[in-house]
Amino acid sequence: MSVAPRDFTVEGIARDSSLSLGQYGATYIATTGTNINGKWGCITALDDSVFSTLTVSNWSGASTSNLALRAGITIFGDFSLINLTSGRVVAYNAAF
């Protein structure tokens, strides 16, 4: 797994801050059993949630099955597919 170098320019810091503040928009997901494709930079669980599939390209183990998140937890990564077994999440759009 290669990790992209951090961008410590003013623009890079602003982009990272905008993601954490939701400035690029988000997708509310409460549908279970359906693959939802997109490009997200972070995911916040609104309820205790379980992902049957969560595809992320910059974690070890590119596809994560049966991942459980407690309500209020936020995870960061380069997410491209979400399939919930239960719960509700907000997936925040990636900056690029």
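The values are calculated or read from the model by the stated rules, or taken from the named source; none is laboratory data. Note that the structure is predicted; figures quoted are calculated from it, not measured. Here Cβ is always computed from backbone atoms with ideal geometry, including for glycine, and neighbour counts include all displayed protein chains.
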The condition of being touching a Phe, Trp or Tyr at 6+ places or on another chain (Cβ under 6 Å) and closer than 15 Å to residue 92 by Cβ holds, among 45, 26, only for 26
Tell me, yes or no, whether the range 16-26 has at least one residue that is at pLDDT 95 or above and surrounded by fewer than 17 Cβ atoms within 10 Å (Cβ to Cβ).
no
Looking at (1) hydroxyl-bearing (Ser, Thr, Tyr); (2) in contact with a Ser or Thr (Cβ under 7 Å, 6 or more places away or on another chain); (3) modelled with pLDDT under 95, which is the only condition residue 60 fails?
(2)
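Got a sec? Which strands (runs of 3 or more DSSP E) wholly within the range 29-96 have at least 2 residues that are in contact (Cβ under 8 Å) with a residue 60 or more places away in the chain and surrounded by 13 or more Cβ atoms within 10 Å (Cβ to Cβ)?
89-93
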